[in-house]
Amino acid sequence: MSDFSRRLIAWQHKHGRHDLPWSGADPYRVWLSEIMLQQTQVATVVGYFERFLVRFPDIAALAAASQEDVLALWSGLGYYARARNLHRAARIVMEQYGGQFPRQPEQIQQLPGIGRSTAAAIAAFCFNARSPILDGNVKRVFARQFGMDGDPAARATEERMWQTAQALLPAAAAMPRYTQALMDLGATLCTRSRPRCDQCPVAASCVARAENRVAELPSPRARRVKPNKSARYLLAWRGDEVFLEIRPPAGIWGGLLVPPEIPPDAVAADWCRRELGLNVAFERELAPLRHVFTHFVLDMRALVCRVQGSANLAAEAHGRWVKAGQLAGAALPAPVRLLLDAALSSARRADSDIAE
DNA sequence: AAATCGTGGAA
DNA sequence: TTTCCAAGATT
């Protein structure tokens, strides 16, 4: 075992994180936590993790659920393909592995939504497998500790880091603590800004520190300009129900419930009658909402309308009516939830104005 | 191989 | 306000 690994393991024992809800848990919980933690901070995940487990306490419960119910528990967490893949994988575990989570990293990685690093993490935590992780924490730690230049996302850089990671692995029995140590070091000491090098267990061997390059490593990722998009949504209310469509599986917000999007050049009422068979009366337009994604900016506008009449069978081929009281537990993207909340609170204000 | 896929926290 | 990016995977 390397000196680097030995120091990390000892440090984790004394100063690492030991109170995370998924630490030392069964494979299902470790798996769930690893998926939720992909590109997502611990503080954001904890609440989602607890709620998800209450609703789906084991793999069998998850496999038996509908995709929409799974997405509802994921609503607001983002990267919804993670939830769809998790759900698919649960069914595979039930059917192909008899409900027992596979133990080999190669088998684990075959499951949808699980790549090399996530498979390694699960295998190391749950089965002491000697498989290395390479996440954002490890890339940052390695870039500094070993003075590794280059875009951490570039293939060449990644390949060097995978080799380094493999070479540093301790004995099997130490794999859970070592894997956790790498994550803890990156998350608590070797942070992106203002790293706490004075407390670092491997500061003495750190190349970046010796060369005074801590601030410039890892190299910043190449950034691109975000295109600006805009969308107009139809919030069609029928009593206390609003009409929502299920997004296609590919693309943004796949599988989630979203109001119909009106083409930019269409007259809302005409389009609505033609496409959905709904007769609507325009009520008001909400204040525009700007939502920033990783790769584009979306300016959202929403037209609040009221449905005239009651027979709307044509609409139900495209989507569903959802009661206002059901929205809290529905599979909505975060900005759509904001829009619907805004529509409801402005409606309440209008009602109280009338009452006065 | 480069693009796509969310959201919110931190500086 | 802007910028960066977090326990990455998929195509």
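FYI, it's all coordinate maths here, none of it is from the lab. In this text the structure is predicted, and so the values were computed from the model without any measurement. Counting neighbours? That spans all protein chains shown, and the Cβs are built from the backbone with ideal geometry, glycine included.
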To make sure I understand, if each residue's beta carbon is the centre and we count other beta carbons within 10 Å, what order do A:LEU185, A:LEU276, A:LEU313 fall in, fewest to most? A:LEU313, A:LEU276, A:LEU185
What does the charge add up to near A:ALA302, with Lys and Arg as +1, Asp and Glu as -1, over the other residues with Cβ less than 9 Å from its Cβ? +1
Measuring from the longest principal axis of the C-alpha atoms of chain A, the long axis of helix A:27-36 (C-alpha) lies at a number of degrees, nearest 10, equal to 70 degrees
Farthest toward the dipole's positive end in chain A, which of A:PRO335, A:ALA236, A:PRO132, given Cβ charges of +1 (Lys, Arg) and -1 (Asp, Glu) about the Cα centre? A:PRO132
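Ignoring everything except DSSP H segments at least 4 long, calculate the 222 nm mean residue ellipticity for chain A; use -39,500 (n - 2.57) per segment, divide by total residues, nearest 500.
-13000 deg cm²/dmol
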Among A:SER5, A:SER23, what is the fewest-to-most ranking by other Cβ atoms within 10 Å? A:SER23, A:SER5
Stretchable slack from A:GLN199 to A:GLU261, in nm (0.36 nm times residue separation minus alpha-carbon distance): 17.1 nm
Once the dipole of chain A is set up from charges on Cβ (+1 Lys and Arg, -1 Asp and Glu), the residue from the list A:ALA60, A:VAL46, A:ALA143 lying farthest towards its positive end is A:ALA143
Please report A:ILE133, A:ILE35, A:ILE246 as a ranked list, fewest other C-beta atoms within 10 angstrom at the top and most at the bottom. A:ILE246, A:ILE35, A:ILE133
Just the number, please: percent antiparallel of the DSSP beta bridges in chain A, rounded to the nearest 5. 65 percent
Share of antiparallel DSSP beta bridges in the stretch A:228-355, in percent to the nearest 5? 65 percent
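Rounding to the nearest 20 debye, state how big the charge dipole of chain A is about its Cα centre with +1 on each Lys and Arg Cβ and -1 on each Asp and Glu Cβ.
Details: 44 positive and 34 negative charges, 206 e Å.
The calculated dipole for chain A is roughly 980 debye.
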Derived scalar couplings ³J(HN,Hα) [the stretch A:195-208; Karplus, 6.51 cos²θ - 1.76 cosθ + 1.60; whole Hz; x for Gly, Pro]: x, 9, 4, 5, 9, 6, x, 10, 5, 5, 9, 7, 5, 4
Pairs of Cα atoms farther than 28 Å apart, the stretch A:3-216, %: 30 percent
Report the extension gain between A:ALA154 and A:VAL225 in nm, rounded to one decimal, defined as 0.36 nm multiplied by the number of residues separating them, less their alpha carbon distance. 23.7 nm
For A:ARG155, what charge total do you get from the other residues with a beta carbon under 15 Å from its beta carbon, if Lys and Arg give +1 and Asp and Glu give -1? 0
Cα centroids of the stretch A:27-63 and the stretch A:258-330: how far apart, whole angstrom? 32 Å
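For the stretch A:228-355, what does the alpha-carbon gyration tensor say about shape, rounded, prolate or oblate, given a ≥ b ≥ c as the root eigenvalues, a/c under 1.5 as rounded, and a/b over b/c as prolate? Could you put the intermediate results ahead of the total?
On the way: a/c = 1.40, a/b = 1.18, b/c = 1.19.
The shape class here is rounded.
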